Structure formats: structure tokens, C-alpha cells
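I have placed the structure first, in the form of C-alpha cells, so that the comments after it can refer back to it.
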Amino acid sequence: MHYIRLLAAEEKYKAMLQDLLHDAFAQSFQKMWEKEVKDSVEKIELKKRVNISKKLLHLMITDSIQNLVVSATPIYYWTQAQQYENNSSKLNKIANDFIKTQLSNNDIYNNRVGRYALLIHQIVSNNSKLKGLSDKLFRITQNKLKSNPIMQADADTLSGKTLEKRSWYRYLYAYCNYTLAKEVLKTDDKKDADKYFLNAYEFSPDRYDRTNYSSYFYDMFFLLEEEKNTFQMDYINYLKNQSSNREDILNRLLSLSLTDPTFKKELKAYYTDNFPQTETFSAFWQRNINKGLKAAPTFAIQKMNGENFVIKEKKGQWVLLDFWGTWCAPCRAEHPDLQKLYADISKTKRNLEILTIACKDDSKKVNDYMKEKSFNFPVAMSDNKIEEMYPVNGYPSKFLITPEGNFLTIPFGIDWVAFIKSYTE
């Protein structure tokens, strides 16, 4: 509690406090742990942890530091709803108080109010006496997600925390529509089910969101108790069962595969089975990759071995650009995989060239690092201009340039080697 108060007392630590409270501390109150823990000793430890967390939470919401009270209050409402889930009268008051005090602000990203609104909705929706209140809570939350200006913002103009916020809003809105789609399907309402599944599909994480995966990672597990990165396959499966429009299904599968190429095999199978007389799948894939991509900024730079690298001369090849630094721990952690990929390319003559660019560094440190680790993948020292040409929002940042000279951002936090191989094969 001492350290929580130190964080809460400093405005500059506000974002850190929120992340720690809502992504780490709040996990203590997830019911999924009760289902997963089977060992009797672990169950006792889990109960102790929950009791300590409840005491901490009570201290937070009664503290003299207003910032701490405001930050912890949404969690408190959620735990109260859990405690009184079978008491209609008290649950009714908790949900109405939450709407009045927490959903009055249009920005429901702050302190993850939107997440707790949907978690409380899950509890209230199980009480048949409170159906009207349940619908009201859900409707208000969904509308606040949908109407936030960030949902309509051009992602190319956003960066950093604003992109994270966009990703969070989109994922929660997609979840809302997915929830509604499943609900109306129970009544066999195909028209509304199609509308909601389509919304869930369209607002599922895109390339920008996948790069900010951490912004909705915890919400995913709080709301669904599983890792569900997209709702797009749900819509595609729905279409397969309901629609004979093969072209529409193909386009949906294509869009999903371009965002997450792990679905490429399913796209290929569907394309091969349903469009056998048209162009080869390879040509179809290559043609569609470039749609919607921007031209890669041109540059010339000298590699540390003295060779010149001119991007204009690489037409007809895939190019992987990787921005890193010896000071960057996540960069260093993935370099063994980068070295393996480079060795594989050299051995198999794959049509892919790698250029890594050391940023905010000096050549001696980079040389010493490469020798120490026995790495030989190509490196160029940044000219302090090239990272301004590409949307480098952090390190490492990777960009894949197509043979046609367009580029896409490789999302951070994924199996990037599999992503590259899937795209370029």
C-alpha cells in the first residue's frame, strides 16, 4: 500500500498506476482462477491472495489521495457485483450507481471503465429480474465505444498511446457485437446476426491494432477467459453456414489472412476448392497483398561491411527492414531468431533480403556486439533520417517491403518469423 500511494501521489506515474491496477492487480478477482486451480494447497493460497487483494482494494477506495480512489473505484464496483450476484436488490443498486458515476464520462478507456462495465453486464445479464438494467448497461457502453472519435481516426496519423487507445476501443466494440450476434442467433434472427457479426469482423484487430496487442490483451482474458485475437473467423464460419456468396466469403478470408497470415492455409484451401479455373493462388495472393499498401519510402544507405544498399534496386524482391539497437533488450532477445532466418535465406536462396538498422547507437558498440554473439546478419548504422521515413514507434520495429515496392508493418509481439514466411511464400 505504501508503494501504491507513492505512485498515486505523482501525476507522472498515472499511466503506470492504471496499468498495474487494471492489468495486474485486478487479476486477483478473476473467477477463471477458481476453475483452473485444482490442487487443494493452491486453492488455499488463492483464497489468501483474494482476501489480501480485497483488503488492499478497500484501503485504496478509502484513501486520502483522490487519484488512487478514482483509479480503484471501477474494480471495486466489479467485485461488489460479484459478491452480490444473487441479490437482485443490491445488484440493481451497484449497476445503477456504476452507470451514474462511471459511465458519465465519454472516455471509458480511462481506468478501463468500459471493461468493467462489460464485466458487470456479464453478471447482471444472468439475473432474469434485471434484464432491462442489463440491456441498458450494455447499450450505454456499446454506444460510448462506437461514438468515440478515435474509432473514425486515420490510424496513419496516430502514434504511441493514441494508437493503443484506438486498439482498445476497437477490440471492445468488436466484442460487444460478437456478444450480440451470439445472442440474436439463439432467436434465429439471421438479419441482425449478420449485422453484428459483420461489425465484429470489421472492428477486429487490424495491422495497427496487432502492433499494439498489449493494449487489449488483458481485456481479452477478463472478458472471454481465453486468447481470442479476432472475431473475424466467427463471421466467416457464419457466412459459410448461411451464405452461398463464395466471392464474399473469399474476400473476408483474404482480409483476415492479410492481417494474420496464420489463416493463409484456410484461404488457400477455400480458393482452390471454389475458384479452380481462375489465376493460381500464388498470383492471387501476390496481387492482393499490395492492395491498400503505401509505397515504401526510398533510401540509400551503407552497410557496415561497406556495401551500398539502395532500396530502388530491390524491386522484384521481398525486403525485411529491422530497426534495433544494442541498448534494446527486446531487440537482443530476438536476434538469435533473426540470425537463424538470415542463415535459412542464405541457404535456401529465398527471395528475401534482410537489412537491419542500428539506431541511437555507435559503430564500435554494434561491431563488438555482433562479434560477441557471432551474428552476421546485415547491419547499417542509422543516418538519423531513415527511422523518420518509416513509422518507427518503438524498438524493435519491422517492416516488410513487397517485390512491388510497397510496405507493411509487422505487428510487435507476434511470431514474426512465421508471419514473414507466411507472407513471402
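The values are calculated or read from the model by the stated rules, or taken from the named source; none is laboratory data. Treat the numbers as computed from the prediction; the structure is a model and nothing was measured. Here the Cβ positions follow ideal geometry from the backbone for every residue, glycine too, while neighbour counts run over all protein chains shown. Heads up: the accessible areas ignore ligands, DNA and RNA and are worked out on the full protein's heavy atoms, side chains in. Shrake-Rupley method; radii C 1.70, N 1.55, O 1.52, S 1.80 Å.
Excluding same-chain neighbours fewer than eight residues apart, the lysines reachable from Lys43 by a Cα-Cα span under 18 Å are Lys31, Lys35, Lys54. Annotation note: GluC sites (Glu not before Pro) in segment 1-76 located in DSSP loop regions with a Cβ neighbour count of at most 16 within 10 Å are Glu10.
Could you give the accessible area per residue of the chain, probe 1.4 Å, as a whole number in Å²?
50 Å²
Overall shape: oblate for segment 297-352, with the ratio a/c of the largest to smallest alpha carbon gyration tensor axis at 1.5 or above and b/c at least equal to a/b.
At a 1.4 Å probe radius, carbon and sulfur cover how many percent of the accessible area of the chain? That fraction is 49 percent.
Note on the chain: helix-only mean residue ellipticity at 222 nm, from DSSP H runs of 4+ residues weighted -39500 (n - 2.57) and normalised by residue number, equals -18000 deg cm²/dmol.
Distances between placed amide hydrogens fall under 5 Å for Glu353 paired with Trp318, Val319, Leu320, all partners being 5 or more residues away or on another chain. No partner Cβ under 4.7 angstrom, meaning no disulfide-compatible partner by this rule: which Cys of the chain qualify? Cysteines of the chain left without a disulfide-compatible partner: Cys176, Cys359.
For segment 5-15, the Karplus equation 6.51 cos²θ - 1.76 cosθ + 1.60, evaluated at θ = phi - 60°, returns couplings of 5, 4, 5, 5, 6, 10, 4, 5, 9, 4, 5 Hz by residue, with Gly and Pro reported as x.
Amide H contacts for Ala296 (H built 1.01 Å from N in the peptide plane; partners 5 or more residues away or on another chain; cut-off under 5 Å): Asn406, Phe407. Given the choices [x] 43, 30, 18; [y] 36, 31, 18; [z] 37, 25, 20, semi-axes √(5λ) of the Cα gyration tensor in Å derived from the coordinates of this structure is entry [x].
Residues whose amide H comes within less than 5 Å of that of Ala380, counting only those at least five positions distant or on another chain, are Met304, Thr356, Ile357, Ala358 (H built at 1.01 Å from N in the peptide plane). With 0.36 nm allotted per residue and the present C-alpha distance subtracted, the Thr157-His2 stretch has 51.8 nm of extension available. Set the Förster radius R0 to 51 Å, insert the Cβ-Cβ distance between Ala418 and Ser88 as r into 1/(1 + (r/R0)^6), and round the FRET efficiency to 0.05. It comes to 0.55.
The label point for Lys314 and the one for Val41, both projected 7 Å from the Cα toward the Cβ, are 5.4 nm apart.
Separation of the alpha carbons by more than 28 angstrom is noted, of Lys364/Lys385; Lys186/Lys291; Lys48/Lys129; Lys55/Lys93; Lys12/Lys47; Lys182/Lys265, for Lys186/Lys291; Lys48/Lys129; Lys12/Lys47. Taking R0 as 22 Å, what's the FRET efficiency between Thr298 and Ser363 from their Cβ-Cβ distance, rounded to 0.05? Working from the Cβ atoms, E equals 0.35. Listed cross-link partners Lys38/Lys421; Lys131/Lys264; Lys373/Lys398 are compared with a 31 Å cut-off, the Cα-Cα value being larger for Lys38/Lys421; Lys131/Lys264.
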